[in-house]
Each structure stands twice: as structure tokens, then as C-alpha cells.
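First up is the structure itself, then whatever we jot down about it.
The values are calculated or read from the model by the stated rules, or taken from the named source; none is laboratory data. All figures in this text were calculated on a predicted structure; none of them were measured in a lab. Cβ atoms come from the backbone with ideal geometry, glycine included; neighbour counts cover every protein chain shown.
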Amino acid sequence: MIILSEPEIRELVDADRARPAIADALLALHRGSATLADIISLPFERPSGAVHIKAGHLHQDAVWTVKISGDFDPGDGSPTRHSGLMLVLSAVDGTLVGTLLDNGFLTELRTGAAGAIAAQLLARADARTVAIIGAGSQARYQLEALLGVRPIENVRIASRSTERARLFAAEVEARHALSVRLCESVQDAVRGADIVVTTTPSKAPLVEADWLESGTHVTAVGSDEPDKQELAPEVLARADVIAVDDRRQAARFGELHHAIEHGSSKEEEAVTLGELLDGHARGRVDADEITVADLTGVGVQDAAIAALVLREAARGHTTLLDPCWQGSTT
């Protein structure tokens, strides 16, 4: 069995390596060559938080993955605390193949990768200005991955925490040499942006439909529980394309869930990223269209990123490979 710590895992994978693995997982889910389990959610009150358990299997791999992730709000104004680990098991005999003590890093990385895939499929090719709502860790992963698929030059940041927004802005300027503007409101950040990315645990809409200009793409990643919401239902009603990672899951947990309850959208109106990747669904066809990606995070993404880590760890070290792993082809 392979046991890897967070520092070891960070040396093995990055945004560019994660993106094709996550794309393959979304394609497999669309094509019926992956198995996705229902989410198990455990809420906590003191401190406020939640733990999610997700599982998935890509049929071309001889392993499957269980991911446990937690998000807790300390309640003192400091950032949400993320944690997690992944257990990789044999699909041949059920034995434990690997334990990835990533402390939530792989969840952050694969979520950023999914956001980049959505932007690559739906945002205008000339998109240069992004509004990022939230200044926590996922805001950083979304931007890092987005820079790999679109020529971003300007970053707008809106956050409930001025201090975290300033810190994020300084990091972006120092690391990426981009133009950064701190915005006093979400509306100020959104208006005129080519891409809007929401990365918060909000339980009330942050983005209104009439703030979006023609041609805008929106990626929302915060709604991974039924009571979380970042987009007003009218945003989805106004969209020419609504894309999700999984229709059934988004209809239960995501922005799509709220739009369905509001009566402004229907589950069958959404397309999946896998369908778009496979050319089986219509994406953006006009520069003036508004597009929305509602990403709730699916277990096959965890299976893909975990398999990628184990492959990279085992590269050149065949003694690390369990016999069941030899059959993996991803």
C-alpha cells in the first residue's frame, strides 16, 4: 500500500496535469463508463461545518476511490478550514491500495480543474477579465487553472473579508503579474467582466441576472449542499447554456436545484460537461450568449485525481505497484 502526505502529493500534481484527468473522468461519466455513488453529507453546528463523503470508479481503472472532505467555519472571521483524505481501493478484491493524506488539496485542485474545463468549453476565447467572488483557497485554485485556458489579464476580487481580499490581490500581482482591482461590492466586480467565478459558501444569492452583460460566462462552485446558493435563479433563466458536472446531482444540490424550485429552469435543460466534451450537446455558439456552469463536484473526479497521483508516485518505482494497479490504463 502507498501512503502519501500532502507535501508529497503537491510535488506530484498541478493544475495542468489535473485538467486532462478530470476531463477524462467527465467524459467517462457521460459515456456510462464510470460509476458515481450518492453523496453522504454530515452537518455540524458547533463549529458550523459539514463533511462530505464521495466515491467513484472509472471502469478503465482497476481501483476506485472514497474521498472524505470537511469544511468548517471557525466563526471568528478567519477563512473556512478545509481538510480531507482519499482512500484508493482495488476494484478486483477490495483491498486498500493507497491512502492519500492530502488535507483537502486534491479536492481544491480537481475543483479548479473542472472550472477551467467549463471556461474552456463555454467562455469566449478572448475573455481577458475575470471577476472572482470570494478570496479563500478555492479562489486561488480557480484562477490558477483558468490561466491555463484563457488569456486573463485583469482580475477583479470581491470578498466579505477586506483583509483576505487584499492578501489574495497581493498574491495574484506577485505570482502572475496581472492587473488586480479590489471591488467594494459583488455587483461592481461582476459588471463588465468576461468571466465570473463564485467560490463562496453563501446561503443567499450573490450574483443577480441583470448585472451580467452579453457574452459573460459564469462558473459557480460553492453550492455543494442544498442550502447553499451563489446565483439568483434568474441568472440560470437568462443563460443560453447551463452546464453541470452531473445533472441528477446538480438538481439536488446545486444552483440548478434552486432554479428548479424557483420554476425558472428544468433539469433536462442542463447539459453536462461530459456531453460538451464529447460534442453531444450545444455549447456557446455566439459571442453574445450568456453561459453558466454549475459545479457540485462528483466522485469520479476524485477517482481520477487519486489515480493520477498514484501513477505519478509509482512512475519508475514498479515495486510500489499493487498487482491490481497493473491493470489501470488511465
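Conditions (1) part of a loop (DSSP other than H, G, I, E, B); (2) more than 22 Å from the chain's Cα centre (by Cα); (3) closer than 25 Å to ASP245 by Cα, marked per residue:
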position: GLY148; (1), (2), (3): yes, no, yes
position: PRO151; (1), (2), (3): yes, no, yes
position: ALA170; (1), (2), (3): no, yes, no
position: ALA174; (1), (2), (3): no, yes, no
position: GLN187; (1), (2), (3): no, yes, no
position: ALA193; (1), (2), (3): yes, no, yes
position: THR200; (1), (2), (3): yes, no, yes
position: GLU213; (1), (2), (3): yes, yes, yes
position: GLY222; (1), (2), (3): yes, no, yes
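Any residue at all in region 38-52 that's farther than 20 Å from ASP102 by Cβ, buried (at least 18 other Cβ atoms within 10 Å of the Cβ) and not aliphatic (A, V, I, L, M)?
no
Select from region 270-295 the residues that are out of contact with any Asp or Glu (no Cβ under 8 Å at 6 or more places or on another chain) and part of a strand (DSSP E or B) and list them in ascending order.
Passing the criteria: VAL271, ALA293.
State yes or no: is ASP24 within 19 Å of GLN142 (Cβ to Cβ), buried (at least 16 other Cβ atoms within 10 Å of the Cβ), modelled with pLDDT of 95 or more and among the acidic types (Asp, Glu)?
no
When THR272 is evaluated against the numbered criteria (1) among the hydroxyl-bearing types (Ser, Thr, Tyr); (2) modelled with pLDDT of 95 or more; (3) not assigned by TED's automatic domain parsing to the domain that holds ARG124, which criterion, by number, is the only one it fails?
Looking at each condition in turn, THR272 falls short on (3).
Among the residues in region 92-106, are any of a type in the set (S, T, N, Q) and closer than 26 Å to ALA189 by Cα?
Among the residues of region 92-106, not one is of a type in the set (S, T, N, Q) and closer than 26 Å to ALA189 by Cα, which makes the answer no.
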